Each structure stands twice: as structure tokens, then as C-alpha cells.
Amino acid sequence: MMVGAFYNPHLGAELAAASTIDHLAMADPPAAGDRHWPAIKQRYTLLLHDYLGQLSEPLDDRAIERARSLAGLYDSPWVAEHFQCLHTEDGTYNLNYVFPPLYTEEFLARFVANANALKARLDQPLVMENIPGFFDVRASQMPEPIWLRRFLDATGTGFLLDLPHVWLEAHYRGLAPQAWLAEFPLEHVVEVHVAGVEQDRDLEGPWIAPTAPSDAMLDFMVHALTRCPGAKAVTFDAFSPSLTADVLFASVDRIRAAL
């Protein structure tokens, strides 16, 4: 089981010298002036976790070639994207990246078709990450776990299980996290994300934060991994200019110790 984190360029010097991290997830391409990038590329297994496109619409050739180029640059063992909707169909409005798709037959058909088209153009396997839902959308026609299972069965893609997203959904639904997790297609999991959760002033409730995962979150991770037989990596999911090296390394060490 690989244990890693996201590449935070402001911590490049510390990460280039580290010996306790197996992999780094790349949320952005390396900047041209990043003097630590050559050492990072040589030192780590790198996972492509950039925004590739909104799979409710077909990706154009430019987006697909960008994905292929980045996957080749990183020599990524798999390519990750979110089940996210960023913009309206006509492009008039942009939404927050954590806005999930509608869990309908129409959106399922769109995501399946467009993910299959992307998969056919990649040289690496595609994995998809679940998105947290702060509220239920009445237009949805089925629960999220059923929608995800049908998507994964139809495409053969892997599942990137974001545990804080599951925990947050359970919290706002008044459910036990373990019970909600049991509904998800865990047999498809390739990678697991773990992160800190803190009180959000705007939401007046908990949300993901660039802080260390709690003991309860690590216990949830251990519980989840016993049900994810195909998981190959656990990633500390924190990508923020406010993240400190102490928090990043301590979080990775605690994840490894918990495993």
C-alpha cells in the first residue's frame, strides 16, 4: 500500500528531501520556475489528479491531449478525475468544483459515454473520485451509491474513494459514516483519500480543511480499507498555500502508522 500526499509547490524543498512518502498526487502541472520539480519527478511515483474536463459533456481533443501529455510527463499509474460539474451546459455559469452531478439516468448516460471516450484515448487506467453533497437535489432519481455502481460497472473505471466526502454526507444526512460507506461500490476502489475536517463558518458545519485527519477519521480509514480489497494507495488530501510541512509529514506518518 503506497502512502502519499499532494504535491504542494511551496513545500517543494521539504518534499524533495523527504524519505517517508511514497507518492505525490499532482493537482496542477509543475510551474516553469519550480526549481524543485526535477528532484520531485525523479524521487516520487506521481499520480495525475488535475482537472481534465467535465464528463457530463464530451472532452474536446485539446483536453484529451492535455490529459495524455500530463499522464506521460508524470508516468502516472492511473489518471484521476472527479464526478463533478463545474459549469452549466451553455457555459454561462461556473459552479464550485465540489458540485456533484444530478444522479439521474440522463447524467449517468452522459458520464458513461464521455468517460469511455476518455478511457479509449488514455494509455493509463481512469479512476473517478466521489464528490461530497451538502444537500440533496430533488431532481436526482437514485441514491449516489447506486449511480456510482452503475457507472463503474458500465465503464470499468476504478473508484477513487474520498473518505471525508463520505463522512460529510453521512453527517449531513444524520447517518453513521460506516453505514453510509457500506452502500458504496468498494470492490472498485483503487485509491483512498483522507483529509482533515473542520468547522466552516459559512456553512455553519464541518467541511474539508487543509488540516491533519482526526483519530476518528483514521479509524474510519482503517475500517474502509478492510472493505476495499483492490486499494493500492492512500493519499493525504490537502492542497493549499496554508498547509505547513509539519502538518503534511505528521499526517502521512499517522496514516502509515494506522495501517
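Taken as Cα centroids, segment 40-67 and segment 195-259 sit 23 Å apart, rounded to the nearest whole angstrom.
Taking the Cα centre of the chain as the origin, how large is its charge dipole in debye, to the nearest 20, when only Lys and Arg (+1) and Asp and Glu (-1) carry charge on their Cβ atoms?
Roughly 560 debye, rounded to the nearest 20.
Packing here is the average count of other Cβ atoms within 10 Å per residue, and on that basis the peptides 158-171, 196-209, 41-54, highest first, run 158-171, 41-54, 196-209.
Rounded to the nearest 20, the Cβ-based charge dipole of segment 125-223 about its Cα centre (Lys and Arg +1, Asp and Glu -1) stands at 280 debye. (i) 122; (ii) 132; (iii) 177: which one is volume of the Cα convex hull per residue in Å³ as calculated from this entry? Given (i) 122; (ii) 132; (iii) 177, the structure-derived one carries the label (ii).
Taken over the Cα atoms of segment 25-72, the convex hull encloses 77 Å³ per residue. Highest mean first, the peptides 183-192, 62-71 sorted by other C-beta atoms within 10 Å per residue fall in the order 183-192, 62-71. For the chain, the 222 nm mean residue ellipticity estimated from helices alone, with every DSSP H stretch of n ≥ 4 adding -39500 (n - 2.57) and the total spread over all residues, rounds to -11500 deg cm²/dmol.
Throughout, read-outs are computed from the coordinates displayed, never taken from laboratory work. Computed from a predicted model, the values in this text were never measured in an experiment. Here the Cβ is made from the backbone with ideal geometry for all residues, glycine too, and neighbour counts use every protein chain on show.
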